[in-house]
């Protein structure tokens, strides 16, 4: 009686491992691109959300004591639990912004305002990814240019917004 052994030969295993290696070499770089694209998109989305929260807070402050229209800039450092702004009570404004967007306290941001409305916002989610409102300033191709540089991101976002005539 013959006994046959079942299993794969060494050559078959080497061929399968080589095929898996080739597929991994092709897929890994493209997957890394998707991660970058997702993080940039997330940062731009956060900037849009903060813009809406600040606009709502400014409108609410304007209804209460007419100081919302006097704000021209708002900034928040990553480590601070407050904001700095001109033209209004910063603590009151920060409380309202956090009320409308709880995640605002997890990022640094800078915003420029005009007549009680937010013109542009730049948000730094982490040290590498910065997003803007209006979006389209930071892309997968140029995100390193704006990495954690809120001033240049805000300036670039302001350029996309048409100037208002008084």
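Only the coordinates and a few stated rules stand behind these numbers; no lab work does. On a predicted model such as this, the values are computed, not experimentally measured, just so you know. Every residue, glycine among them, receives a Cβ derived from its backbone with ideal geometry; neighbour counts consider all protein chains shown.
So here's what we get for this one:
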read-out	value
Exposure proxy order (Cβ contacts within 10 Å, fewest to most) of 123, 118, 16	16, 118, 123
Gain upon complete extension [residue 11, residue 63; 0.36 nm per residue less C-alpha separation]	11.0 nm
The chain - Rg and Dmax from Cα coordinates, angstrom	24.6, 101
Helix-only [θ]222 nm of the chain, DSSP H runs n ≥ 4, -39500 (n - 2.57) each, per residue, nearest 500	-16500 deg cm²/dmol
Sites residue 92 and residue 147 - FRET efficiency at Förster radius 35 Å, r taken between beta-carbons, to 0.05	0.65
Degrees between helix 90-100 axis and first principal axis of the chain (Cα, 0 to 90, nearest 10)	50 degrees
GNM top mover of 12, 60, 77 - the chain, alpha-carbon springs below 10 Å	12
Against the rule of thumb 2.2 N^0.38 Å, how large the Cα Rg of the range 1-82 comes out	2.49
